[in-house]
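Structure, as structure tokens:
Nothing in this text is a laboratory measurement; each read-out follows from the coordinates by a stated rule. A quick note: this is a predicted structure, and the numbers were derived from the prediction, not measured. Here the Cβ positions follow ideal geometry from the backbone for every residue, glycine too, while neighbour counts run over all protein chains shown.
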Amino acid sequence: MSTRVAGRPYHHGSLPETLVAHAVQLLDEAGAEAVTVREVARRAGVSPGAPFRHFPDRAALLAAVAEAVAVDFGAAQTEAVASAASVPFRALGTAFVRYALAHPHRLALLRGALFGAERTPALEEGHRAFTRSVTELIVAGQQRGELRQADPELIRIAAQALAYGLSQMFVDDYLDASQADTLINQVVDLFGLGVLAPGSDRRDVN
């Protein structure tokens with residue numbers, strides 16, 4: 001499980017980051033409803049009013065948490081692609097589902113923040129950058145002969161729909177999480193029959 005945004009000790013001058021880190025811990029433990037300004041302040045060892053110097057209300061704190069989660073999610077995807085033995089695009093989809101399994105509350109918060117009415121500029125730009133990077137990864141795979149010569153945008157939409165849908169099915173207990181690794185690989189392999197070029201290695205499970 002990722003610890004990039006886990007709680008950290010408070011040092012003078014880093015209170016906003018410390019508050020967000022403790023809020024992420026609360027999110028992981030019990031979901032967004034558990035994230036209150038008072039409890040975050042208590043865990044950070046500061047007065048109940050201290051967070052309001054940096055976040056005007058709970059919504060602002062949650063927005064900052066969503067931004068931190070988005071950065072962590074993106075780092076997990078980048079790491080998966082960088083360490084992929086072959087077909088990085090396949091590794092990206094697998095990493096998406098595994099992140100959702102490890103951090104279901106983060107996925108729920110990020111979904112609401114990205115597609116709700118209050119998407120912040122940082123989330124907006126991060127979402128656009130992620131979309132661009134996925135499309136570029138697809139184009140690069142096509143140029144290497146790993147992926148079929150179809151519309152990269154259609155491949156991206158289909159892949160993200162698959163990863164998101166499979167993630168949600170695990171999170172909602174529609175699928176048995178204890179069989180996650182097997183099911184992820186099998187489903188991604190089946191998807192690969194449609195987008196991988198003939199002869200590409202389908203067994204990259206990083």
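Observations
- Computed 3J(HN,Hα) for segment 46-56, one whole-Hz value per residue from the Karplus formula 6.51 cos²θ - 1.76 cosθ + 1.60 where θ = phi - 60°, is 10, 5, x, x, 4, x, 5, 6, 10, 10, x, glycine and proline marked x.
- Among 121-127, 105-111, 61-67, sorting by the average number of other beta carbon atoms lying within 10 angstrom of each residue, highest first, gives 61-67, 105-111, 121-127.
- Sorted into 10 angstrom bins from 0, the C-alpha pair distances of segment 61-195 split as 12, 42, 35, 11, 0 percent.
- Net length available on complete extension from residue 53 to residue 135 is 25.5 nm, with 0.36 nm assigned per residue and the Cα-Cα distance removed.
- Rounded to the nearest 20, the Cβ-based charge dipole of the chain about its Cα centre (Lys and Arg +1, Asp and Glu -1) stands at 340 debye.
- Relative to the longest principal axis of the Cα atoms of the chain, helix 15-30 runs at roughly 60 degrees.
- In this structure the amide hydrogen of residue 84, modeled in the peptide plane, comes within under 5 Å of no amide hydrogen from residues 5 or more places off or on another chain.
- Those residues of segment 23-53 whose amide nitrogen sits under 11 Å from the label point placed on residue 71, 7 Å along Cα→Cβ: none
- The H on the amide N of residue 147, modeled in the peptide plane, is under 5 Å from the matching H of 142, 197, each at least 5 residues off or on a different chain.
- Dipole of segment 61-195, positive end: most advanced residue of 135, 70, 160 [Cβ charges, Cα centre]: 135
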